[in-house]
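Here the structure is laid out as structure tokens; the discussion comes afterwards.
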Amino acid sequence: MKQLAYLLRPMASQDLEAVLGVQRLAYTPDLHESLTVFSSKLERFPDSNWVIQGERGLLAYLFAQPARYLHPPPLNDCDAAVAGADALHLHDMAVAPWSRGLGLAGQLVATGLNWGRHQNLAWATLIAVQDSRSFWQAHGFCCGSLEKSLDSYGQGARYMYQSLLG
Ligand SMILES: CC(C)(COP(=O)(O)OP(=O)(O)OC[C@H]1O[C@@H](n2cnc3c(N)ncnc32)[C@H](O)[C@@H]1OP(=O)(O)O)[C@@H](O)C(=O)NCCC(=O)NCCS
């Protein structure tokens, strides 16, 4: 079987158009975020976003950002506060449909969790959408509950977390 050649590297602003293209294919329109939101996230959190580049284009991306445990940033948020951040929030991860099932998402998750540990963040958190809960459980996340409504993330969205300590 031919091996897929790819490179996992930090995201750069030049990647954002291609990131938008993968987002379009991966999420229902109500979950799409704009170029402005993506640019702002990259500017505010330049070290916690990654892409996987293939020979013919971008295959996958992960946006993550420092946040407070139990206080996830809302969708379309350009300016979440980071004061007192104790968690790495995995905000958005997607793999192009033709590159799924190859472990690319698993590698992005591992990269994000390692980064969070190196920053001494105590938690990794996320909001699971589009029936992805079992994917995240397989990567060590548990379901939590929040007082705040997650309605803007679509039906069935769940807050999930895992400890990065120990
Ligand atoms: C979820 C997603 C990122 C997984 O990407 P991937 O590169 O195919 O994942 P990997 O190859 O690392 O892992 C594959 C494993 O995850 C499982 N998996 C993939 N997508 C899943 C999903 N939506 N729900 C549950 N399990 C899923 C596969 O069945 C496979 O399981 P196995 O190893 O037991 O066979 C990808 O399906 C995607 O981009 N989905 C659309 C965007 C999305 O919903 N992102 C998550 C938002 S919180």
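No lab work stands behind these numbers, since they all come straight from the coordinates. Small disclaimer: the values here were computed from a predicted structure and weren't measured. Positions of Cβ are generated from backbone atoms using ideal geometry, with glycine treated the same way; all protein chains shown enter the neighbour counts.
Those residues that are near the ligand (Cβ under 9 Å from one of its atoms) and not in a strand (DSSP E or B), I need them from segment 120-152; list them, please.
Correct list: VAL129, GLN130, ASP131, SER132, ARG133, SER134, PHE135, TRP136, GLN137, ALA138, HIS139.
Suppose the filter is more than 12 Å from the ligand (Cβ to nearest atom), surrounded by fewer than 21 Cβ atoms within 10 Å (Cβ to Cβ), at negative phi and not in a loop (DSSP other than H, G, I, E, B); does GLN107 pass it? Full working, then the answer.
Details: more than 12 Å from the ligand (Cβ to nearest atom): no; surrounded by fewer than 21 Cβ atoms within 10 Å (Cβ to Cβ): yes; at negative phi: yes; not in a loop (DSSP other than H, G, I, E, B): yes.
Answer is no for this residue.
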**Asked** In segment 1-32, what count of residues is obtained for those that are buried (at least 20 other Cβ atoms within 10 Å of the Cβ) and assigned to a loop (DSSP other than H, G, I, E, B)?
**Response** 1
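Filter segment 155-166 down to the residues that are more than 10 Å from the ligand (Cβ to nearest atom), out of contact with any Pro (no Cβ under 8 Å at 6 or more places or on another chain) and touching a residue at least 12 places away in the same chain (Cβ under 8 Å) and list them by number.
GLY156, TYR161, GLN162, SER163, LEU164, LEU165
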**Request:** For residues that are over 16 Å from ALA85 (Cα atoms) and among the polar types (S, T, N, Q), scanning just segment 107-134, find the one that is farthest from the chain's Cα centre (by Cα).
**Result:** SER134
**Asked** How many residues, within segment 128-143, are surrounded by 14 or more Cβ atoms within 10 Å (Cβ to Cβ) and not aliphatic (A, V, I, L, M)?
**Response** 9
**Message:** Which numbered condition in (1) touching a Ser or Thr at 6+ places or on another chain (Cβ under 6 Å); (2) assigned to a loop (DSSP other than H, G, I, E, B); (3) hydroxyl-bearing (Ser, Thr, Tyr) is the only one that TYR161 fails?
**Reply:** (2)
**Prompt:** Which condition does ALA87 not pass, out of (1) within 11 Å of the ligand (Cβ to nearest atom); (2) more than 20 Å from LEU35 (Cα to Cα), if it passes all the others?
**Reply:** (1)
